[in-house]
Amino acid sequence: QSAKCGACGPGYATPLDAMKGKYCPREEIVYLPCIYRNTGIEKPDYLATVDVDPKSPHYCQVIHRLPMPNLKDELHHSGWNACSSCFGDATKRRNRLILPSLISSRIYVVDVGTDLRAPRIHKVVEPVELFWKGNVANPHTSHCLGSGEILISCLGDPSGNGKGGFILLDGETFEVKGNWENGEKVPPLAYDFWYQPRHNVLMSTEWGAPKVLADGFNPADVERGHYGRRINVWDWSTHTYIQAIDLGKGSIPLEIRFLHNPDAAEGFVGCALSSAVHRLYKTEKGDWAAEKVIEVPSKKVQGWLLPDMPGLITDILISLDDRFLYFSNWLHGDIRQYDISNTRKPKLVGQVFLGGSITKGGPVTVVEDKELQCQPEPFVIKGKRVPGGPQMIQLSLDGKRLYVSNSLYSAWDKQFYPDLVKEGSVMLQIDVDTERGGLKVNKNFVVDFGKEPDGPVLAHEIRYPGGDSTSDIWI
């Protein structure tokens, strides 16, 4: 919480204040949704609070668990009731975590303000509210707006078909107010989004139709057009859908991150299946375009679902000073750090392998690899061989620590990494060289979600109580 002025709201005045200011203490706890859907354990998903303070006697331990009141929600991503977009408003506090459920379509509002270390449920928005008031379902990304409202992207309609709509929640009562979008035109699919009011734009991405992806991935569904390929551009002030940028069949653009500088008219999107990162930018005409700036080559393999294994870029983020871009290759098993001082020519400066599908001694043989000389060793930390591959990432505000979890989504975990579902996921921490670039695993840090009281669980996205580089937007 900033203490710079007497009448400030939540967050920080600028991204660099968040990164460097004396108001920016080291993170001590993080929140992760933990998922039991598809694991065979009939328990509700829960929000875990994990102690990440090296000085604490509970370092690397889950110190609190908040179970949801229902089964099989599939908690996934989370957001805030207020963030740096409300910085100037002293009436606002970042004291509620918004937890949409990807499969049940419930939205949980969690009180983290009363006791940071022991969150409690404040309100439950039932699915029927989204169905009736917005004709949408499968909520995914939530961002708080400067207006005090909360904007949530939804993947589909109540029948499980793809539909790129949004829902607005009141920031005080958390009532569903209705759709954000205006007009008849909406994109066929949705996933993540980012907004940049100074350029009058919101951009959304596309995963797939909920009823198609719900129970696993079938490559034939890509051919049938059930998976995404477009970046959808919206007029921020009129809430209308104005442009589609086609990144090609089978690209599946997931996480989108603009540069944090609110004046910047550019950002990046990671495409899962094509394993490419595209730079998005405003043209001289005033519309938007994309150019591919990073491509992770597929590996020719035997003993796997397909003869070509993509990296599968699942999460991507940008440091608060807009200098480094990070992403995870969930299937190849590596995390990469790129210097983006020149946004058109990202330079690979750090890479670390944390598991994945091509490790030595596993079922997959790599027969042709454009990048590696040999298959990486299995990843072992504190005597535990880690199943799965790196997936969600979160960077400390100062940019020096990268936290990683390795579950993507329960049905896909079960299909691609059955051992991950049996053993539970982990959270790891990587030390970052912020001067020259470079990544190194912290061998003293592992949170093993295989040892949870109700059995192994799948932990997903990582959030800090005071906001982070993927939830805060400056306006």
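Before moving on, here are some points about what is shown:
- Residue match in region 242-252 (condition: closer than 24 Å to Ile103 by Cβ and in contact (Cβ under 8 Å) with a residue 40 or more places away in the chain): yes
- Candidate set: region 253-277, residues that are open to solvent by 20 Å² or more (accessible area, probe 1.4 Å) and touching a residue at least 40 places away in the same chain (Cβ under 8 Å); chosen: the one nearest to His140 (Cα to Cα): Leu273
- Applying the criterion of being open to solvent by 10 Å² or more (accessible area, probe 1.4 Å) and either touching a helix residue (DSSP H, G or I) at 6+ places or on another chain (Cβ under 9 Å) or in a strand (DSSP E or B) (or both) to the residues of region 305-319, the residue that is nearest to Pro219 (Cα to Cα) is Leu305.
- Residue list for region 321-357, filter: in a loop (DSSP other than H, G, I, E, B), over 15 Å from Leu372 (Cβ atoms) and open to solvent by 10 Å² or more (accessible area, probe 1.4 Å): Asp321, Asp322, Arg323, Ser341, Asn342, Thr343, Arg344, Lys345, Pro346
- Here Lys360, Lys443, Lys370, Lys422 are screened, and the one residue that is open to solvent by 10 Å² or more (accessible area, probe 1.4 Å) and in a helix (DSSP H, G or I) is Lys422.
- Screening Lys299, Lys282 for residues that are open to solvent by 10 Å² or more (accessible area, probe 1.4 Å) and among the basic types (Lys, Arg) leaves exactly one candidate, Lys282.
- Filter result for Ile381 (open to solvent by less than 40 Å² (accessible area, probe 1.4 Å), of a type outside the set (Lys, Arg), in contact with a strand residue (DSSP E or B) (Cβ under 8 Å, 6 or more places away or on another chain) and free of Cβ contacts under 8 Å to residues at least 60 places away in the same chain): no
- Residues satisfying the stated conditions in region 171-188, i.e. part of a loop (DSSP other than H, G, I, E, B) and open to solvent by less than 40 Å² (accessible area, probe 1.4 Å): Gly171, Phe174, Trp180, Glu181, Pro187
- Output for region 10-36, where each listed residue is part of a loop (DSSP other than H, G, I, E, B), crowded, with 22+ Cβ neighbours inside 10 Å and either of a type in the set (D, E, K, R) or at pLDDT below 95 (or both): Pro10, Gly11, Tyr12
The values are calculated or read from the model by the stated rules, or taken from the named source; none is laboratory data. Treat the numbers as computed from the prediction; the structure is a model and nothing was measured. Glycine gets a Cβ as well: all are built from the backbone with ideal geometry, and neighbour counts include every protein chain shown. Side chains are part of the model used for accessible areas, which takes the heavy atoms of the whole protein and leaves out ligands, DNA and RNA. Shrake-Rupley method; radii C 1.70, N 1.55, O 1.52, S 1.80 Å.
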